[in-house]
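Have a look at this one before I ask anything.
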Amino acid sequence: MGDDDGVSDNHSRPQTKSFKKDELKAKKKAFLARKECIKKKTMELSVLCDVKACAVILGPDGKIETRPENRSDVQDVIDLFKKDCLNNKKRKQNNNDHGCKKKQVLGGDEGVVEDFLKKVENKLDQVKKRIKEIKTKDQEAGSDMVLLFELIFNHDNKLF
């Protein structure tokens with residue numbers, strides 16, 4: 001029995017099995033196209049840029065595909081990646097925010113390092129202040145030179 005608004009009970013049911021099947025087909029088709037594109041781009045990157053690159057793709061069916069297809073080549077790239085990650089982690093542990101090795105700067109005591117950085121900042125402020133003083137003196141000397149030239153040439157471009 002239908003409602004008074006003319007809509008039958010069939011339209012209010014959840015999606016049908018055939019609709020879900022069509023949706024799965026479309027997703028599979030899109031996956032296959034994009035998978036091939038990723039594999040192609042990985043190969044192009046590797047060949048054109050002369051770099052090591054790999055792609056590992058886990059499909060919706062659980063199947064693993066790689067580019068390059070030789071698994072040992074993929075494993076080589078993954079091992080290089082892991083080694084680089086490990087080296088970066090060690091580097092970050094040894095370095096502080098200023099790129100200085102904590103253990104090498106004044107024995108590695110963080111309080112000493114902070115004091116050292118404060119002294120460096122204070123010295124930098126003193127240098128900036130001195131530069132400003134010198135620039136001011138240079139500007140004053142420059143204006144004095146203009147006055148001197150005006151006096152010498154007495155506005156008529158004649159000497160005295």
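Which residue out of Lys83, Lys41, Lys63 is free of Cβ contacts under 8 Å to residues at least 24 places away in the same chain and over 29 Å from Lys29 (Cα atoms)? Outline the logic, then answer.
Working: Lys41 fails: over 29 Å from Lys29 (Cα atoms); Lys63 fails: over 29 Å from Lys29 (Cα atoms).
Matching residue, one of Lys83, Lys41, Lys63: Lys83.
Tell me the residue from Glu140, Glu121, Glu110, Glu114 that is at pLDDT below 70, among the acidic types (Asp, Glu) and closer than 30 Å to Gln93 by Cα, please. Even if it seems obvious, please write down each step before you answer.
On the way: Glu140 fails: closer than 30 Å to Gln93 by Cα; Glu121 fails: at pLDDT below 70; Glu114 fails: at pLDDT below 70.
Step by step, each of Glu140, Glu121, Glu110, Glu114 is checked, and only Glu110 is at pLDDT below 70, among the acidic types (Asp, Glu) and closer than 30 Å to Gln93 by Cα.
I need a count of the residues in the range 47-70 that are farther than 11 Å from Lys35 by Cα and either surrounded by 13 or more Cβ atoms within 10 Å (Cβ to Cβ) or under 29 Å from the mean Cα position of the chain (by Cα) (or both).
Total satisfying the criteria: 9.
The values are calculated or read from the model by the stated rules, or taken from the named source; none is laboratory data. Predicted model, so just to flag it, every value in this text is computed and none were measured. Here Cβ is always computed from backbone atoms with ideal geometry, including for glycine, and neighbour counts include all displayed protein chains.
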